[in-house]
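For reference, the structure discussed in these notes is given below.
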Amino acid sequence: MTVVASDVSVSASEAPRRPAWEGGIPGVVTGEHPSLLDPHAGGTRYTESEEFTGPAAVETVEPNRAKVEESSAGYGRALKERLESGH
């Protein structure tokens, strides 16, 4: 089963340290993705998590776990590049 995510929206933000977004199909499968940017050892530590809920969460996310993890890693890399470039 492949699910195409609906629009993603910002669910919380304490700029610039705590961006978060959520999306999915309400009542079927939704995901929440909070992040944290913390000063650390002369740089910034980036941590993130994801939580999927809904009746189709396990059957939708588990078979696609590698894609979900790569997507999250790609987001982290893009954020790092953007921050390091000064934009």
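The values are calculated or read from the model by the stated rules, or taken from the named source; none is laboratory data. All figures in this text were calculated on a predicted structure; none of them were measured in a lab. Positions of Cβ are backbone-derived with ideal geometry, glycine not excepted, and every protein chain shown enters the neighbour counts. The protein model used for the area step is the full one, side chains on, heavy atoms only, and it has no ligands, DNA or RNA in it. Shrake-Rupley method; radii C 1.70, N 1.55, O 1.52, S 1.80 Å.
With respect to the conditions (1) open to solvent by less than 70 Å² (accessible area, probe 1.4 Å); (2) touching a Phe, Trp or Tyr at 6+ places or on another chain (Cβ under 8 Å); (3) modelled with pLDDT under 80, residue 76 falls short on a single one, namely (3). Assess whether residue 73 counts as being closer than 20 Å to residue 18 by Cβ and assigned to a helix (DSSP H, G or I). The answer is yes for residue 73. Checked against the criteria, residue 42 does not count as at pLDDT 85 or above, open to solvent by less than 100 Å² (accessible area, probe 1.4 Å) and in contact with a Gly (Cβ under 7 Å, 6 or more places away or on another chain).
Residues in the range 2-22 that are in a loop (DSSP other than H, G, I, E, B) and under 17 Å from residue 80 (Cβ atoms) were compared, and the one that is modelled with the highest pLDDT is 17. Each residue in the range 23-70 was checked for being within 27 Å of residue 85 (Cβ to Cβ), under 16 Å from the mean Cα position of the chain (by Cα), in a strand (DSSP E or B) and of a type outside the set (S, T, N, Q), and 8 of them qualify.
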